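A short reminder: the numbers here are calculations on the coordinates, not readings from a lab. As the structure is a prediction and not an experimental result, all values here were calculated from the model. Methodologically, a virtual Cβ is constructed for each residue, glycine included, from the backbone with ideal geometry; neighbour enumeration extends over all protein chains shown.
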């Protein structure tokens, strides 16, 4: 197996499948486009399975390493490799792609080939981000994901899609351009290397570390998104088609958290320690304040978007506690959030496809006409509120535990989300699902089709598996987190 | 003065082109209108032959010929080949456009080829006079090309502006050169450099001359504040000519800057002077170009401002004062030239008889009319915006890297932030193409050659972006071997 370039396959199989889908052309061949897209997505997932099977959990370094020269002029290499953190994210990404293709199966009627191709290409690029061990390669993948997402929001989005798409693009581009300057600085400082591993070993003075950290912070904080640079996300989510929201929430936001783990923390550990109070404050504001904002939303998608930001606050909180529980919790929270927020957006999508409304006020009593759907939404809603036994609990609980070791009040503030999260999720659930049938449209609703049951069931299994038996996930993370902690404990000041 | 056979070898491409232009000029007189394709094919053939001769006579080393008037080095060979490709592509793209506008005549081809000859002479000049002659040959052909549509008010106005301001700039350039001559006693680039290095030349006079030389140069690049002519000329000139102005001459202008600033005035005492001047020009160009482009409704005008901002980036590469920086600037200018070719090519593809697709609105809904060409334009736009994985990103990266290497961190940050503003208006085109419905459902018709080449052009922006190493290496090695 080791002779197969598995990571290259994980990147390029979806991209080439996307190109193939694109080649089916106009909507006359929509059926063919859908079939190829599904096969491509499944193939993309299948090629990542050997990664999980042959993964050595005891080994902390990069595995499945591939390297070849890419731009000799600047000593840039096409070098790939994964550790446990990237492995989980790659699997999550490839899995989500299948769900997204299924979710867009019936709903998307215009420019089907372009829609499916955009998601497949994006999936390959995201795998590239998680697998790249060369900073420039990472950057190229990181930026390239913007293009398909921009088109997905803009072409298939809602009424205000143009504004949302442009805002999304420019916001994220601003962040990543500043990161580019940091990358070029590190390239010079390291004597002409773009290898992330070299940079992690490089001693850097405090001022430079802070500058580098801030440049990374802008790029990744926009992606996560952290308060106060989160404002693009509700717009993007509300306007994006369901598939776009799912990928955005489940994968794209993880690029930010992953960036902190791969770049900001290990390259500028002293600056990270120095600025951890600042980072924790921002994270807690996101957790508490955005949680409250979510409470007053009248649009379901917006509510879930704000809930997403609030939950991602746990990720950044966990990362800056410098504690084992914090890191493992943050990473598990990223994966779990991928399943749950994806599922929540899909549920809203299911309702939107039938009613063409996302307003909570337009619903009521859905349980009477869609009992199976109501059960699924119950499960995902509970997971979103962090109920023990679901994946939502594991990560958040670990982060809160980690925070309590550092400072009781951090843990207290973070734990408040268990109340707010339950409040906004269950209150929405009550208003939408329970009660008497709100209006004649609800009375005509049909319950889930087999296709919808399939993708919701797949996610439900994932949410429960991770909630009941998180050990395999923890096992994969143990070695890289141990190494990261050891690395962060050492000062890099010259 | 006696010229030996060896003096003529490096000049063969120029001689061949000159002879062929004369042949084409005469042969065209005997062709009927429906046989004009002969002129077209002969012109393409000439450019191909020149490319072959340039490659064959290339020695990979610096050869000075004609008693120091002319130089043949790897940089000139590389740039010349790029110029042939750019001009040939321009002829292929514009064939149906110029035919529909009654410009598919002998003059068009001879003027284009004379302009090419001017560029070649500029690129290979080793003497201020040669440099100036090349520049004037290029400029005079261009003035005539802009005015080729005699009945068009816009074109006439554009040609007038171009001519008056161009003449002014040439005057400044000549004045600056005369100052340098006064200080060093020579017009030959290598001698000028030697005299300055020996410390005998009067620095005050040199700097005085340098100011004029840089102004003249900035005019040719279209850098702010010498950019006034650019938007008017781009908008007024027939699209085919605007395409020519915005691409190949930029390659020549780059060589011009290298010869003048680096090879003759590159001594440390003057380097610091022109670095500062170029820094001001670069920042102003990037700022004004990018910000003003946002307000444009005419795509040719928008591209004019976009060109201004890109030239700011080229200047940023040049002012780094290192061979790496020059190599980066060369990479940038060649990438820009080829992406520019594609962009103007798209405008001509959408144009038809009596309809200039020169409003930004004309791109509305292109994805509905033709998904393939919308995709091609998307790649070109993202390349101009510098978003990976398109090639434009690597061009920006190389220049920023060069600038940071030379210690211009602040300039690099400013450049990055201004290119974010730039992304906005390129995105607008993508937005119109993909997010809006078409207002004009006319099918797109163009000759097979143009369509094929345009598709290749767009794909190249992506493919060269995925494997950019070789082009960077070519540019780098050309600079290293020539300086």
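Computed over the stretch B:253-326, the alpha-carbon pair-distance distribution with 5 angstrom bins reads 4, 18, 23, 20, 14, 10, 7, 3, 1, each value a whole percent. Computed from Cα atoms, the angle from the helix A:450-468 axis to the main principal axis of chain A rounds to 50 degrees. Against chain B, whose longest principal axis is taken from its Cα atoms, helix B:106-123 shows a tilt of about 40°.
Normalising by residue count, the protein assembly as shown has a Cα convex hull of 159 Å³ per residue. If I model the stretch A:138-200 as equal point scatterers sitting on the Cα atoms and use the Debye formula, what is log10 I(q)/I(0) at q = 0.29 Å⁻¹? For the stretch A:138-200 at q = 0.29 Å⁻¹, log10 I(q)/I(0) is -1.15.
Normalised radius of gyration (Cα atoms, divided by 2.2 N^0.38 Å) for the stretch B:5-482: 0.92.
Give me D for chain A in µm² s⁻¹, whole number, from Stokes-Einstein with Rh from the Kirkwood sum over alpha-carbon pairs, 4 °C and 1.567 mPa s. D, rounded to a whole number, is 58 µm²/s. With each label modelled as a point 7 angstrom along the Cα→C-beta vector, the residue A:67-residue A:189 pair spans 2.2 nm. Working note: Debye formula, equal point scatterers on the alpha-carbon atoms of the stretch A:311-400, no solvent; log10 I(q)/I(0) at q = 0.10 Å⁻¹ is -0.32.
Please compute, over every Cα-Cα pair in the stretch B:172-312, the percentage with a separation greater than 22 angstrom. Result for the distance tail: 42 percent.
Within the stretch A:358-494, the ratio Rg/Rh, alpha carbon atoms throughout and Rh by Kirkwood, equals 1.13. Using bins of 10 Å that start at zero, the share of Cα-Cα pairs per bin across the stretch B:386-483 amounts to 12, 28, 34, 17, 7, 1, in whole %. For the stretch A:125-269, just say rounded, prolate or oblate: build the C-alpha gyration tensor, square-root its eigenvalues into a ≥ b ≥ c, call rounded for a/c under 1.5, and beyond that prolate if a/b exceeds b/c, oblate if not. Judged from the Cα gyration tensor, the stretch A:125-269 comes out prolate (a/c at least 1.5, a/b above b/c).
Debye-formula intensities of the stretch A:250-294, expressed as log10 I(q)/I(0) at q = 0.26, 0.32 Å⁻¹, are -0.97, -1.01 (one equal scatterer per alpha-carbon, no solvent). Simple spin-label estimate for residue A:422 and residue A:23 gives 5.5 nm between the two label positions (7 Å along the Cα-to-Cβ direction from each Cα).
By other beta-carbon atoms within 10 Å, ranking B:475, A:347 with the fewest at the front produces A:347, B:475. With contributions of -39500 (n - 2.57) from each DSSP H run of at least four residues, the per-residue ellipticity at 222 nm computed over the protein assembly as shown stands at -24500 deg cm²/dmol. Extent of the stretch B:166-241 along its three principal axes (Cα atoms, max minus min coordinate, largest first): 49, 21, 17 Å. Over chain A, Cα pairs under 8 Å with separation of 6+ residues give a relative contact order of 15 percent.
Straightening the chain between residue A:4 and residue A:491 buys 171.5 nm, computed as 0.36 nm per residue apart minus the Cα-Cα spacing.
Quick one: grab the alpha carbon gyration tensor of the stretch B:31-177, order the square roots of its eigenvalues as a ≥ b ≥ c, and give me rounded if a/c is under 1.5, else prolate or oblate depending on whether a/b is larger than b/c.
Because a/c hits 1.5 or more and a/b fails to exceed b/c, the stretch B:31-177 counts as oblate.
Computed from Cα positions, the angle between helix B:299-318 and the longest principal axis of chain B comes to roughly 30 degrees.
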